[in-house]
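Derivation of every value follows stated rules applied to the coordinates shown; laboratory data play no part. These figures come from a predicted structure and were not determined experimentally. Neighbour counts run over all protein chains shown; Cβ positions are idealised from the backbone, glycine included.
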There are 2 protein chains.
Amino acid sequence: MPEATMNDDNEFGIRDGEIAVELPAQFDASLYFIGRIRTPWKRRDDCPKNARESEAICTLEVDPRWAQALTGVETCSHLVVLYWMNRSRRDLVLQVPRTYGTGRGTFALRSPARPNPIAMSVVKLVGVAGTRLSVVGLDCLDDTPLIDIKPYFASTDAFAEAVVGWHQARKA
Amino acid sequence: MPEATMNDDNEFGIRDGEIAVELPAQFDASLYFIGRIRTPWKRRDDCPKNARESEAICTLEVDPRWAQALTGVETCSHLVVLYWMNRSRRDLVLQVPRTYGTGRGTFALRSPARPNPIAMSVVKLVGVAGTRLSVVGLDCLDDTPLIDIKPYFASTDAFAEAVVGWHQARKA
């Protein structure tokens, strides 16, 4: 279980101004890893800061058990990818990201540290070979566990007008 | 554990043309429910077919434990919401949705039946009162377990040009 080693990872310690809470006594549901994500990045410092910074092609390696579940995926231009950030601590409620320096709530951030360390990325599908999907738009570590793949529907998923106020204020 | 009762739910049986696989022998990671989603829909048949069909205001009720994690969320116009579709079977790889009638792979569908029944919806945030967020854009059952809330960034999450080929072909 990834959780067993999570809080031993000093790379993800608490910074000044950050706040952790006691985690619930037990879990409520469980996940299967459905495959792995292959990326060029072996260390956290190597990862792009933002998925749009990189045109690197990454690979979703889906476990052969789920091969038939990919039927029709090749007709999608973009996919929603959910993956498990298995090296993150789960008890932070207030975080001080290195690049911002101001405390923000976990649910106002895309930080990997969150109660359920599930990342959501929208990727462009550039190739399918059996159970391997080549995609552009990820920024995660190599060997990251894959949780889900979904078709991206512009009609319900694209909101070009969306604003993250704290982020805009920072740039102004 | 929701998994315990999942496969007893006859509402989610197998249709002609659907294919199930044997699930892995064990789980790989675990989740905490961070709250509940309140919606007007008590039965599956009452839910809108598509989140854009309804302007109903739903409520994300976040557990008080995570209250500080909401700091800054009020500055976001749109949020990514992850939730747990706890009544769905997890072993289907090929599905025949009632409304389409053609077999599609699970990863080419937004069906709740998937190895990890996590739904992703983009919602418009219309109000915050303590740990209760009022949102528009959900189509799930009342009392659905909440897993995560993230800020929606148009710069990485909005792809207006995205196409789901099998879906377009169906309409043509």
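Might you report the magnitude of the Cβ-based charge dipole of chain B about its Cα centre, with Lys and Arg at +1 and Asp and Glu at -1, to the nearest 20 debye? Please report the intermediate quantities before stating the final value.
Working: 21 positive and 22 negative charges, 77 e Å.
Computed charge dipole of chain B: roughly 360 debye.
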| Amide H to amide H, which residues 5 or more places from B:Val93 or on other chains are under 5 Å from it, using H placed in the peptide plane? | B:Ile19, B:Ala20, B:Val21
| Any idea how far apart A:Glu61 and B:Ser30 come out in nm if each label point goes 7 Å out from Cα toward Cβ? | 2.8
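Count, for each residue of B:49-60, the Cβ atoms from other chains sitting within 10 Å of its Cβ, then give me the mean as a whole number. Walk me through the numbers before you get to the answer.
Working: counts 0, 3, 4, 3, 1, 0, 0, 0, 0, 0, 0, 1.
Mean partner-chain Cβ count within 10 Å for B:49-60: 1.
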| remark: Sorted shortest first, the nm distances from the B:Asp142 label point (7 Å along Cα→Cβ) to its counterparts in the other copies are 5.2
| Any idea what the A:Asp46 label distances to the other copies are, label 7 Å down the Cα→Cβ vector, nm, shortest first? | 5.2
| Given Cα pairs under 8 Å that are at least 6 residues apart, what percent is the relative contact order of chain A? | 33
| remark: Highest GNM mean-square fluctuation among A:Ala119, A:Ala56, A:Ala129, for chain A with Cα springs under 10 Å, belongs to A:Ala129
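Report, as an integer, the average count of C-beta atoms from other chains found within 10 Å of each Cβ along A:119-131. List each step's numbers first, then the result.
On the way: counts 2, 9, 2, 5, 1, 3, 1, 0, 0, 0, 0, 0, 0.
Counting other chains' Cβ atoms within 10 Å and averaging over A:119-131 gives 2.
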| message | Can you find, among A:Gln95, B:Thr106, A:Val126, the residue sitting farthest towards the positive end of the charge dipole of the protein assembly as shown, where Lys and Arg contribute +1 and Asp and Glu -1 at Cβ? | response | A:Val126
| Taking each residue of B:88-95 in turn, how many C-beta atoms of other protein chains fall within 10 Å of its C-beta, and what is the average? | 2
| For A:Ala129, which inter-copy label distances result when the label point lies 7 Å beyond Cα on the Cα-to-Cβ vector, reported in nm to one decimal and in ascending order? | 5.6
| said: Can you give me the long-range amide H partners of A:Asp148? Hydrogens built in the peptide plane at 1.01 Å from N, cutoff under 5 Å, separation of 5 or more residues or another chain. | reply: A:Leu82
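Between rounded, prolate and oblate, where does the stretch B:85-167 land on the alpha carbon gyration tensor, with a ≥ b ≥ c its root eigenvalues, rounded for a/c under 1.5, else prolate if a/b exceeds b/c? Before the final figure, lay out the partial values.
On the way: a/c = 2.40, a/b = 1.44, b/c = 1.67.
Note, shape of the stretch B:85-167 comes out oblate.
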| Gain on full stretching of the segment that runs from B:Val163 to B:Ala20 - 0.36 nm per residue minus C-alpha separation | 48.7 nm
| said: Only sites in a loop by DSSP and with at most 10 other Cβ atoms within 10 Å count here; which trypsin sites (Lys or Arg not before Pro) in the stretch B:24-126 make the cut? | reply: B:Arg43, B:Lys49, B:Arg98
| note | Scalar couplings 3J(HN,Hα) for the stretch B:49-63 by Karplus 6.51 cos²θ - 1.76 cosθ + 1.60 (θ = phi - 60°), nearest whole Hz, x for Gly and Pro, are 5, 7, 4, 7, 6, 10, 9, 4, 8, 10, 10, 8, 9, 8, 4
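To the nearest 0.05, how large is the calculated FRET efficiency for B:Arg43 and A:Val136 if R₀ is 45 Å and r is the Cβ-Cβ distance? Don't jump to the answer; show the numbers that get you there.
Details: r = 41 Å, r/R0 = 0.91.
Once the sixth-power term is evaluated, E becomes 0.65.
Based on the alpha-carbon gyration tensor of the protein assembly as shown and its eigenvalue square roots a ≥ b ≥ c, which shape applies: rounded if a/c is under 1.5, prolate if not and a/b is larger than b/c, or oblate?
Details: a/c = 1.36, a/b = 1.25, b/c = 1.09.
Rounded, because the longest to shortest axis ratio a/c is under 1.5.
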